[in-house]
Amino acid sequence: MSTPSAIDSLVTEGLAHFHQQDFVAALRSLDAAITSDENYARAWCARGMVWHRRSDFDKAIRDYEMAIKLDGGYARAYFNRGLLRLERGDPESALLDFDTAIEIDREARFFSNEVRRSQC
């Protein structure tokens, strides 16, 4: 098993590739992080973001749910799953996820940033 800092570096690298829209490289880094530590919720959530962006919704929801299973207090995973559920036409479940994310993280900076970006 790799050190926590090495695993975190793989996740950071994967997210950098994700933001550059190099999804193959992102998956490579995030798969390596998960292989190194299957209990690292942040890696699962990050990989879910890649699957979501690639419209592989089944894999995305699976990864978000694994992140939540591993860390029930991971607000970002609830928020991301809510976005996916909203996109897939399930606003009731999405709202529950958004509410949970806000309950966990009252400041929810990521949530307010997303809302600002989506305003007309």
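Laboratory data are not the source of any read-out in this text; all were calculated from the coordinates shown. Given the structure is predicted, the values throughout are model-derived calculations rather than measurements. No Cβ is skipped: glycine too gets one built from the backbone with ideal geometry, and neighbour counts run over all protein chains shown.
General remarks:
- Computed E for residue 93/residue 39 - FRET, C-beta separation, R0 35 angstrom, nearest 0.05: 0.85
- Note on the stretch 4-118: the alpha carbon radius of gyration divided by the globular reference 2.2 N^0.38 Å gives 1.01.
- Where trypsin sites (Lys or Arg not before Pro) in DSSP loops with at most 16 other Cβ within 10 Å are excluded, longest remaining stretch of the chain: 1-53
- Dipole moment magnitude, nearest 20 debye, the stretch 4-118 about Cα centre, only Lys, Arg, Asp, Glu C-beta charged: 280
- Fraction of alpha-carbon pairs over 18 Å apart in the stretch 20-87 - percent: 29
- Helical content alone sets the calculated 222 nm signal of the chain at -25000 deg cm²/dmol, taking -39,500 (n - 2.57) per DSSP H segment of four or more residues and averaging over every residue.
- When the chain is treated as a GNM with alpha-carbon contacts under 10 Å, the residue of 107, 13, 38 showing the greatest mean-square fluctuation is 107.
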